[in-house]
Amino acid sequence: MNIHEYQAKALLKSYGAPVAEGVAIFSADEAEAAAKALPGPLYVVKSQIHAGGRGKGKFKELSPDAKGGVRLAFSIDEAKAHAKDMLGNTLVTAQTGPAGKQVNRLYIEDGADIERELYLSLLVDRSVGQVAFVVSTEGGMDIEAVAHDTPEKIVNVAINPEAGVTAADLAKLTSALKLEGEAKADAEKLFPILYKAFVEKDMSLLEINPLIVMKNGRVRVLDAKVSFDGNALFRHDDIKALRDETEEDAKEIEASKWDLAYVALDGNIGCMVNGAGLAMATMDIIKLYGKEPANFCDVGGGAGKEKVAAAFKIITADPKVEGILVNIFGGIMKCDVIAEGVVAAVQEVGLKVPLVVRLEGTNVELGKKILNESGLAITAADDLDDAAKKIVAAING
């Protein structure tokens, strides 16, 4: 689960991280009061969407020369004008895709005199099984480009969970970021705070880009992006309360109600599979035969008829879907249960696109019998390769 920048900063501030004063607003009428509540005279007006690259983004409704989703204001009137310009319009960034995201919230923040911009993130480094800091002196930049062009400028420091952030870890981090004096002292306080927040709140990503050194020599968190492990949200009611469903795909929201692993994609072949690895293989072979998957959908190993039917309905609700491929390898999941769920869903919502089903494993013959006797226009496949060929041919034909 993702949260907005202003929510992430409030969370980090509660742990003691240095962040600027700021006010979230939901209408342009709130901009004046928000700006007056800040020290000024420089204000930063930031679009709040779940995507990066806001500063370089463009609004669909505004001229190509208009400023992006993060703007400086040198007066309260200018902050008000920016708020009126941005709220309700669609911001397109490198991460939103061409459809963009509508800006429904803004964060008006006190400005800062920036001396240096640094990059810092925490994530789970699965190669060592530990939470790791990833830092670079190239803050404010596209970190993927830095990793590609100058990988030596990125330093990874894994943290031993039994020891926590040690003095040796701090020395590596402050050295990598070339911090001295007050900035170094601030960082030595900040890094353990960030690690504590990451672990206690079950984060999967904490990214600060940039982490700045101001002209007065102090360190400040200038931006914050936080994602949480959805599997751990049951023990964080305070985090669940921060969820903004307007930033999520409606199909993904519905899938979460059924505990389905579902991610909407941009293709035209809907996929329903059991097991993440098999789902990835299914998407790969669809691409191999020249088409694109419309979703990642893993119904899991113990799904019942109702859950399968719900998954099928979510897939068919996507207007981009021109064909559906069901690929099930029955172990714990029984093929007859899948077949019953598919038939029930088709009978309820109808079938307007080609449907290819490949079943293998537990109760496979019973599953095939259920499908064959359903009277529905379902194409059976012998294996995954056969299934991919058939669904692509059905769409092309």
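Every read-out reported here was derived from the displayed coordinates using simple, explicitly stated rules and does not represent laboratory data. What you see is a predicted model; the values in this text were computed from it and never measured. Every residue, glycine as well, gets a Cβ built from its backbone with ideal geometry; the counts of neighbours run over all protein chains shown.
Antiparallel beta bridges, as assigned by DSSP with both residues in the chain, represent about 70 percent of the total such bridges. With a cut-off of 13 Å between beta carbons, the residues surrounding Y262 carry a summed charge of -3, where Lys and Arg count +1 and Asp and Glu -1.
Taken over region 176-317, the alpha-carbon convex hull comes to 173 cubic angstrom per residue. Between the residues G53, A81, P39, the greatest Cα displacement towards the positive end of the dipole of region 1-126, with unit charges on the Cβ of Lys, Arg, Asp and Glu, is found for G53. Which of rounded, prolate or oblate describes region 162-217 when judged by the alpha-carbon gyration tensor and an a/c cut-off of 1.5? The shape class here is oblate. Partners of K101 within straight-line reach, counting aspartates and glutamates whose Cα lies under 17 Å from its Cα and excluding those fewer than 8 residues away in the same chain: E5, E61, D85, D244, E245, E247, E248, D249, E252, D266. Peptides 72-85, 337-350 ordered by packing proxy, namely the average of other Cβ atoms within 10 Å per residue, highest first: 337-350, 72-85. When only the Cβ of Lys, Arg, Asp and Glu is charged (+1, +1, -1, -1), the dipole of the chain relative to its Cα centre reaches about 220 debye.
What is the distance in Å between the Cα centres of region 228-297 and region 27-53? Cα centroid to Cα centroid, the span is 32 Å. Setting aside same-chain residues fewer than 8 positions from K368, which lysines have a Cα under 18 Å from its Cα? Within the straight-line limit of under 18 Å, K368 reaches these lysines: K305, K334, K390. Dipole check for region 249-396: with +1 at the C-beta of Lys and Arg, -1 at the C-beta of Asp and Glu, and the Cα centre as origin, the magnitude is about 200 Debye. Length gained on full extension, T246 to T150, computed as 0.36 nm times the residue gap minus the Cα-Cα distance: 30.8 nm.
Highest-first packing order for the peptide set 202-208, 122-128 is 202-208, 122-128, based on the mean count of other beta carbon atoms within 10 Å. With a cut-off of 18 Å on the backbone N, the residues of region 63-97 near the modelled label site 7 Å out from S27 along Cα-Cβ are 80-89.
A helix-only calculation puts the chain at -10500 deg cm²/dmol for mean residue ellipticity at 222 nm, using -39500 (n - 2.57) for each DSSP H run of at least four residues, averaged over all residues. With respect to the cross-link table entries K13/K36; K36/K67; K9/K320, which display a Cα-Cα separation exceeding 27 Å? Pairs exceeding 27 Å: K9/K320. Assuming a ≥ b ≥ c are the square roots of the Cα gyration tensor eigenvalues, decide whether region 171-255 counts as rounded (a/c under 1.5), prolate (otherwise, with a/b larger than b/c) or oblate. Since a/c reaches 1.5 and a/b is larger than b/c, the shape of region 171-255 is classed as prolate.
Based on alpha-carbon atoms, the Kirkwood radius and the radius of gyration of region 249-396 give Rg/Rh equal to 0.91.
Report the percentage of all Cα-Cα pairs in the chain whose separation exceeds 34 Å, rounded to a whole percent. Tail of the P(r) past 34 Å holds 43 percent of the pairs. Candidate cross-link partners of K369 among the aspartates and glutamates, defined by an alpha-carbon separation under 16 Å and a same-chain spacing of 8 or more, comprise D336, E340, E360, D382. Pairwise alpha-carbon distances in region 114-238 exceed 25 Å for 21% of all pairs.
Within the shell defined by Cβ-Cβ distances under 11 Å, the residues around L211 carry a net charge of -2, with Lys and Arg each +1 and Asp and Glu each -1. If Rh is defined by the Kirkwood formula over all Cα pairs and Rg also comes from Cα, what ratio Rg/Rh do you get for region 21-110? Rg/Rh: 0.95.
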